[in-house]
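This report concerns only the one structure given below.
The values are calculated or read from the model by the stated rules, or taken from the named source; none is laboratory data. This structure is a prediction, so every number in the text was calculated from the model and none was measured. Because the Cβ atoms are built from the backbone with ideal geometry, glycine has one as well, and the counts that use them run over all protein chains shown. To get the accessible areas, we keep the full protein, side chains included, count just its heavy atoms, and leave off ligands, DNA and RNA. Shrake-Rupley method; radii C 1.70, N 1.55, O 1.52, S 1.80 Å.
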Amino acid sequence: MPLPLKPGYNFHIDRQCKPSDYEMKHLEVYRDYYGLSYTVSGHRKFIMPHMIGFLNGGSVGVTPKNVYHRTSFVDNTPYERFVLKFTDNAVEPLLNVIGVEKFEELYSYPVYNFDPDVQEKIYGIFCDMLYEYEHYEKESELILKGMLYHLIITIMRFHKPSNRADIELSKADTSILKAIKYMEKNYLNSPSLIETAGYVNFSPAHFSRLFKKVIGVTYSEYLNYIRIETGRKLLLTTDLSVGEIAQLSGFDNSNYFCNVMKKILGCNPSNIRRGK
């Protein structure tokens, strides 16, 4: 699981060098904050349920809240990156100026690329934010907010045109994204691995191996991710009983629903409703 922000903090930023073949072994999700990353060096695949992008040196990756994601390596290029996490509270004053729609538009695409001069500017902002975070004082919150706004506006103004058609995905990547859409549409009917493999024209054994390689979890595990995410949203937005929500999330009984939720989210339905 991703490291949470320190209690009382609206920011976290770090810089790390990783082995060239580093990959996130499992899916992660940011619940209480957004993410921005800057790839100093490396060639990475950034995987989310409805989009796969590619990060290279100078690229910015964006991670929305409540979206499962992972990264894996493409080649043996040395890998170094910044990761910045920030809360709604940190970005709220900016949204009052640019509007929520503009911000959501920014977070609708996984990767942004820039000309070399803009890359240098963005790299400098990340370096300055890291220094301020590591030398945190009472004024640091205000300074970090200002630098965050500078960073976001720079990304919005100067990124190269984003075009989903320009992302060259392998047949395997395209098939896995198609399979996930099928699972999300049909999860109430408990689509089997064999059924979904047939839908994307793969043998069950090959599809099973491919799904785990690309997504980082097994087919059955990811189907439960979809169901539990549905249940989590219903718990937060309705007054339905746990039993009713279990049924609407594709579970035969509430006990199994609670057990799977505890395993995936680390809490039970009552904790979700209390916001804990």
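Exactly one of these conditions fails for ASP21: (1) outside any strand (DSSP E or B); (2) closer than 30 Å to ARG232 by Cβ. Give me its number.
Unmet for ASP21, out of (1) outside any strand (DSSP E or B); (2) closer than 30 Å to ARG232 by Cβ: (2).
In this structure, is PHE82 touching a residue at least 60 places away in the same chain (Cβ under 8 Å), hydrophobic (A, V, I, L, M, F, W, C) and touching a Phe, Trp or Tyr at 6+ places or on another chain (Cβ under 9 Å)?
For PHE82, the condition - touching a residue at least 60 places away in the same chain (Cβ under 8 Å), hydrophobic (A, V, I, L, M, F, W, C) and touching a Phe, Trp or Tyr at 6+ places or on another chain (Cβ under 9 Å) - is met.
When the residues of the stretch 261-276 are narrowed to those that are within 21 Å of the chain's Cα centre (by Cα) and outside any loop (DSSP other than H, G, I, E, B), which ends up surrounded by the most Cβ atoms within 10 Å (Cβ to Cβ)?
Taking the candidates together, the pick is MET261.
What pairs come out if I take residues in the stretch 168-181 that are over 17 Å from ILE226 (Cβ atoms) and pair them with residues that are of a type in the set (Val, Ile, Thr) whose C-beta lies under 7 Å away, six or more apart or interchain?
Close Cβ pairs satisfying both conditions: LEU169/ILE52; ALA172/VAL214; ASP173/ILE52; ASP173/VAL214; SER175/VAL200.
Rundown of residues vs (1) hydrophobic (A, V, I, L, M, F, W, C); (2) open to solvent by less than 10 Å² (accessible area, probe 1.4 Å), yes/no style:
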| position | (1), (2) |
| --- | --- |
| LYS6 | no, no |
| HIS12 | no, no |
| CYS17 | yes, no |
| GLY35 | no, yes |
| HIS50 | no, no |
| PRO64 | no, no |
| THR77 | no, no |
| ASN89 | no, no |
| PRO93 | no, no |
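Taking the stretch 165-186 on its own, how many of its residues are in contact with a Leu (Cβ under 7 Å, 6 or more places away or on another chain) and surrounded by fewer than 17 Cβ atoms within 10 Å (Cβ to Cβ)? Break it down into steps so the answer makes sense when it comes.
Just the residues of the stretch 165-186 that are in contact with a Leu (Cβ under 7 Å, 6 or more places away or on another chain), to begin with: 172, 176, 183.
Then keep just the ones that are surrounded by fewer than 17 Cβ atoms within 10 Å (Cβ to Cβ); that gives 172.
Going through the stretch 165-186 one residue at a time, the tally reaches 1.
Given the structure, is PHE114 assigned to a loop (DSSP other than H, G, I, E, B) and buried (at least 18 other Cβ atoms within 10 Å of the Cβ)?
Taking the combined requirement at face value, the residue satisfies it.
Go over the candidates GLU139, GLU120, GLU132 one by one and state the one that is in contact (Cβ under 8 Å) with a residue 12 or more places away in the chain and within 19 Å of ILE13 (Cβ to Cβ).
GLU132
Take the residues in the stretch 187-202 that are open to solvent by 50 Å² or more (accessible area, probe 1.4 Å) and not in a helix (DSSP H, G or I), then tell me which one is farthest from TYR219 (Cα to Cα).
ASN201
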